[in-house]
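Let me begin by presenting the structure, written as structure tokens, before commenting on it.
The values are calculated or read from the model by the stated rules, or taken from the named source; none is laboratory data. Quick caveat, the model's predicted, so the values are computed rather than measured. Methodologically, a virtual Cβ is constructed for each residue, glycine included, from the backbone with ideal geometry; neighbour enumeration extends over all protein chains shown. Just so you know, the surface numbers come from the protein's heavy atoms only, side chains and all, with ligands and any DNA or RNA stripped out. Shrake-Rupley method; radii C 1.70, N 1.55, O 1.52, S 1.80 Å.
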Amino acid sequence: MKVLVTGAAGQIGSELIQALRDRYGNQNVVASDINREAGEKLSGSGPFEYGDCTRYEVMKEIIQNHGITTIYHLAAILSAVAENNPQLAWNVNINGLYVMLELAREFNSSLFTPSSIGAFGPTTPRNSTPQDTIQRPTSMYGVTKVSGELLCDYYYQKFGVDTRGVRYPGIISNVTLPGGGTTDYAVEIYYEAIRNKTYTCFLKEDSYLDMMYMPDALNAAILLMETDSKKLKHRNAFNVTAMSFSPKEISREIQKHIPEFKIKYHIDPIRQGIADSWPKSMDDSAARMEWGWSPYYDLEKMTQDMIAVLKKRFQSS
Ligand code: NAD
Ligand code: AKB
């Protein structure tokens, strides 16, 4: 098995690379990104290739040279950045995915790519959002994510490409900072709580969104890719979630560890508008039934871990 991860220098990729190298061997997992500096740090434990996923010839050479059989395609533009530069988001999220799907078809490779809670919109039921439901997103990120889900389904049905994917909620982690999304507050809040004991949140105190801690997110990707294909009815875009909370609730949880911590609010209308159009909590029973999805971390366990890791890091620096 030879694995390629695009967008490997990003929030999820930088940790998925290590998890995959631990599992399949360092030399069998190739990291690729257009962020050369961050990417080269990944070359300490295995191969790194500079590569723009929208460029067919560049990506073809990487896939051919390394004999790639499995692709984790993570390169993308996230929701807040996408809303500021919709043309870039369309190019990377759609043309980049198209290039990777074409190469997966040509080289008979399987392909995992994440969709998002962003693939839903204001007309989607917001509570216990079903696996199969109305998807009319109003952000460019959402438009690219729902189009990507359909394109992956098409490549499976038409060409037999083994495409798989999940709809990730906001991912919380402590290795690489998030890349410009609407759920980034739930990462920033921990860093600021440790460093400054205060955080100014760009979403309203009662904005509920689905979230997940990084170890569960990595586990979801690997578990889905290792599942026997015959068990999958949905294949792409499985709802997966671990917890749903608001800024007020996460700040209360942090106060259990740092009682003097204070949260303030300065609402960003663009990100608030996006958050208001996303589910408050998803129904992920299809993933649980079809491939045994089950998260380990809830808000309490994640907060304990985030605070312990970040305290140690900032105290020793
Ligand atoms: P990120 O923004 O942290 O990382 C994306 C990476 O892609 C960056 O390292 C960037 O340099 C790279 N990139 C951008 N354009 C590229 C191009 N043209 N060619 C090659 N690389 C390019 O994103 P992430 O949070 O790691 O997200 C990974 C995937 O998971 C994305 O598809 C995202 O939509 C999805 N997702 C993420 C979250 C989350 O909370 N992090 C939630 C839902 C879905
Ligand atoms: C974002 O906020 O854009 C991402 C996501 C939920 O897709 N974190």
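Details
- Surface/4 estimate of mean projected area, convex hull on alpha-carbon atoms of the range 140-275, nm²: 9.3 nm²
- Segment residue 252-residue 36, length gained on full extension (0.36 nm per residue, minus Cα span): 73.9 nm
- Once the convex hull of all Cα atoms in the range 181-242 is built, its volume per residue stands at 106 Å³.
- Charged neighbours of residue 245, selected by a Cβ distance under 12 Å, balance to -4 (K, R count +1; D, E count -1).
- Viscosity 0.890 mPa s, 25 °C: Kirkwood-radius Stokes-Einstein D of the range 39-128 over Cα pairs, µm²/s: 165 µm²/s
- For the pair residue 268 and residue 56, label points projected 7 Å from Cα toward Cβ lie 3.6 nm apart.
- Förster-model FRET efficiency, 45 Å R0, residue 107 and residue 197, C-beta, rounded to 0.05: 0.30
- As a calculated quantity, the FRET efficiency between residue 1 and residue 88 at R0 = 51 Å, using C-beta atoms, amounts to about 0.95.
- Net charge in the neighbourhood of residue 123 (other residues with Cβ under 13 Å of its Cβ; Lys, Arg +1, Asp, Glu -1) is +1.
- On full extension, the segment bounded by residue 127 and residue 205 gains 26.3 nm, given 0.36 nm per residue less the C-alpha separation.
- A run of the chain free of exposed loop cleavage sites, with trypsin sites (Lys or Arg not before Pro) counted only in DSSP states other than H, G, I, E and B and at most 12 other beta carbons within 10 Å, reaches its longest extent at 1-232.
- Those residues of the range 174-203 whose amide nitrogen sits under 17 Å from the label point placed on residue 138, 7 Å along Cα→Cβ: 182
- On a per residue basis, the convex hull of the C-alpha atoms belonging to the chain measures out at 122 Å³.
- 21 Å Cα-Cα threshold exceeded, pairs from 158/230; 204/301; 204/280: 204/301
- Each Lys or Arg adds one and each Asp or Glu takes one away; over the other residues whose Cβ falls under 13 Å from the Cβ of residue 314, this sums to +4.
- Fluctuation leader among 241, 163, 54 - the chain, Gaussian network, Cα springs under 10 angstrom: 54
- Calculated on alpha-carbon atoms, Rg and Dmax of the range 224-316 in Å: 17.7, 52
- Surface analysis of the chain yields an accessible area of 43 Å² per residue, using protein heavy atoms and a 1.4 Å probe.
- Most mobile listed residue (251, 281, 128) in the chain, GNM with C-alpha springs under 10 Å: 128
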